[in-house]
Amino acid sequence: MVAGFAAASLLASANYVLNEWLDAAHDRHHPTKGERPAAMGRLTAGVVWSEYAALALVGLALAATLSPAFLVMAAVFLAGAVVYNVPPLRAKERTHWDVVVEAFNNPVRLLLGWFMVTPVTFPPLSLLLMYWCGGAFLMATKRLAEYRFLVAADGHELAVRYRSSFRRYSQETLLLSCFLYGILSSFFLAIFLIKYREELLLTVPLFAWIFLHYLRVAVRDSSLGESPESFYLQKGLVPLLVALAVAFTVLSLVDIPVVEWLTQRRFTELRFLE
């Protein structure tokens, strides 16, 4: 577990180095990111690429000591950042693909954690798709908040100079995409819960509440796009997460027969109408 977390951290750091360096020219057009060292031209290419190579190679070497499955996912983790950041692919500049490709990190990170525990089994496809769509929902809401912040600050042209994918985005399309990814994630979540533990269906309202809470903050407070890492400070989120964790634990251990009855494939007979 320690080696797995260390490898994942090193690989994530390599990805962030790549992202920071290749975004420098675009970050100069951002009200706050323009003050980052890369955007201000304070970094040298040789040092940056050496740091990236060192982090990536040490991370892969450590991953190789765990299992072949973990090593494959470690390589996929690095490759995803290349597709997202490096021209000519650079998915982050393509409308909607920027969200889908970045959200792919969610199932990849899930698999890294899974293979730390058991490298001989593969998680359910419904769980992976739920994580992917859930990540897309989070990324779309972040884009929505970011778009609103930039347009309010200096107009649509500034937003496009900072992130070219914003050229074909609007608040309406971003909001609709949030609903789409949220619905898809909920759909795959329901499949997973029904197949593996029917009692856990009772946690769906809490999942939905968390989704709505995140979307509400993105719509009300555009600063979420600038500091998503501080989102946990939003009032009410931590109690929601605690409630979900408690409910998930209890319902994993306690059988509730009525839930099984509700999920059986049958019609309910209305005998009192005969």
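Tell me which residues, restricted to the stretch 154-179, are among the hydrophobic types (A, V, I, L, M, F, W, C), touching a residue at least 12 places away in the same chain (Cβ under 8 Å) and open to solvent by 40 Å² or more (accessible area, probe 1.4 Å). Residue satisfying the conditions is Leu175 alone.
Out of Leu184, Leu189, one residue alone is under 30 Å from Phe5 (Cα atoms), assigned to a helix (DSSP H, G or I) and open to solvent by less than 40 Å² (accessible area, probe 1.4 Å). It is Leu189.
When the stretch 67-78 is filtered for residues that are free of Cβ contacts under 8 Å to residues at least 24 places away in the same chain and either open to solvent by 70 Å² or more (accessible area, probe 1.4 Å) or farther than 30 Å from Thr121 by Cβ (or both), only Val72 remains.
When the residues of the stretch 40-66 are filtered to those that are in a loop (DSSP other than H, G, I, E, B) and at negative phi, the one that is least open to solvent (accessible area, probe 1.4 Å) is Leu66. Applying the criterion of being within 20 Å of Pro68 (Cα to Cα) and free of Cβ contacts under 8 Å to residues at least 24 places away in the same chain to the residues of the stretch 99-116, the residue that is nearest to the chain's Cα centre (by Cα) is Leu110.
One residue stands out among those in the stretch 79-96 that are within 20 Å of Cys133 (Cα to Cα) and in contact (Cβ under 8 Å) with a residue 24 or more places away in the chain: the one that is most open to solvent (accessible area, probe 1.4 Å), which is Arg94. Selection within the stretch 30-39: residues that are touching a residue at least 24 places away in the same chain (Cβ under 8 Å) and open to solvent by 50 Å² or more (accessible area, probe 1.4 Å). The member of this set that is nearest to the chain's Cα centre (by Cα) is Thr32. Right, Val151: of a type in the set (Val, Ile, Thr), under 29 Å from Ile183 (Cα atoms) and open to solvent by 40 Å² or more (accessible area, probe 1.4 Å) or not? It is true that Val151 is of a type in the set (Val, Ile, Thr), under 29 Å from Ile183 (Cα atoms) and open to solvent by 40 Å² or more (accessible area, probe 1.4 Å).
The values are calculated or read from the model by the stated rules, or taken from the named source; none is laboratory data. Since the structure is predicted, the reported quantities are computational estimates derived from the model, not experimental observations. Methodologically, a virtual Cβ is constructed for each residue, glycine included, from the backbone with ideal geometry; neighbour enumeration extends over all protein chains shown. Accessible surface areas use protein heavy atoms only, side chains included; no ligands, DNA or RNA. Shrake-Rupley method; radii C 1.70, N 1.55, O 1.52, S 1.80 Å.
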